[in-house]
1. Among the residues that make up the stretch 41-64, is at least one of them surrounded by 14 or more Cβ atoms within 10 Å (Cβ to Cβ) and within 16 Å of ASP6 (Cβ to Cβ)?
2. If you scan the stretch 70-92, which residues turn out to be of a type outside the set (Val, Ile, Thr), without any contact (Cβ under 8 Å) to a residue 60 or more places away in the chain and either under 17 Å from ARG39 (Cβ atoms) or surrounded by fewer than 11 Cβ atoms within 10 Å (Cβ to Cβ) (or both)?
3. Which residues, taken from the stretch 22-39, are out of contact with any Gly (no Cβ under 8 Å at 6 or more places or on another chain) and surrounded by 15 or more Cβ atoms within 10 Å (Cβ to Cβ)?
4. What's the number of the condition ILE24 fails, among (1) assigned to a strand (DSSP E or B); (2) under 18 Å from ASP6 (Cα atoms)?
5. So which residues in the stretch 34-87 are of a type outside the set (Gly, Ala, Ser) and in a loop (DSSP other than H, G, I, E, B)?
6. Output yes when any residue across the stretch 2-18 is surrounded by 18 or more Cβ atoms within 10 Å (Cβ to Cβ), within 13 Å of THR89 (Cα to Cα) and out of contact with any helix residue (DSSP H, G or I) (no Cβ under 8 Å at 6 or more places or on another chain), and no when none is.
Amino acid sequence: MAEENDNTIFVGKKPSMSYVLAAITQFSEGKNEITIKARGRSISKAVDVSQIIKNKFIPDIKFGDIKIGTDQIESETKEKINVSTIEITLRK
């Protein structure tokens, strides 16, 4: 994935509202753009997080770039596995 900076939220195993709160906090601190990133099974949660932010908290937010891709990672058994990725950019 691309370089990490402080306006990037990586979605994983926490509840969706944890990521929603993180995004709203960043916007309230003055950020005009954030990126929500996820891989594999967390992709649907990343989409849910972006929709919760738009529909319940910041209705005038705009979706920027939505990038999808594939990362190749190594499993515990040293074989290469393809994992889907998504990056959703939100702008105020």
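Readers should treat all values here as calculations from the given coordinates under stated rules, not as data from a laboratory. Computed from a predicted model, the values in this text were never measured in an experiment. Note that we place each Cβ from the backbone using ideal geometry, even for glycine, and neighbour counts take in every protein chain shown.
1. Looking through the stretch 41-64, none of the residues is surrounded by 14 or more Cβ atoms within 10 Å (Cβ to Cβ) and within 16 Å of ASP6 (Cβ to Cβ).
2. Result: GLN72, GLU74, SER75, GLU76, LYS78, GLU79, LYS80, ASN82, SER84.
3. Looking only at the stretch 22-39, we keep the residues that are out of contact with any Gly (no Cβ under 8 Å at 6 or more places or on another chain), and these are 22-32, 34-37, 39.
Scanning the stretch 22-39 gives ALA22, ALA23, ILE24, GLN26, PHE27, LYS31, ILE34, THR35, ILE36, LYS37, ARG39.
4. That leaves (1) as the condition not met.
5. Of the residues in the stretch 34-87, the ones of a type outside the set (Gly, Ala, Ser) are 34-37, 39, 41, 43, 45, 47-49, 51-63, 65-68, 70-74, 76-83, 85-87.
Within the stretch 34-87, ILE58, PRO59, ASP60, ILE61, GLU76, THR77, LYS78, GLU79 meet the criteria.
6. No; the residues of the stretch 2-18 include none that is surrounded by 18 or more Cβ atoms within 10 Å (Cβ to Cβ), within 13 Å of THR89 (Cα to Cα) and out of contact with any helix residue (DSSP H, G or I) (no Cβ under 8 Å at 6 or more places or on another chain).
Okay, residues lined up against (1) closer than 13 Å to PHE10 by Cα; (2) hydroxyl-bearing (Ser, Thr, Tyr):
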{"position": "VAL49", "(1), (2)": "yes, no"}
{"position": "ILE52", "(1), (2)": "no, no"}
{"position": "ILE58", "(1), (2)": "no, no"}
{"position": "ASP65", "(1), (2)": "no, no"}
{"position": "LYS78", "(1), (2)": "no, no"}
{"position": "THR89", "(1), (2)": "yes, yes"}
{"position": "LYS92", "(1), (2)": "no, no"}
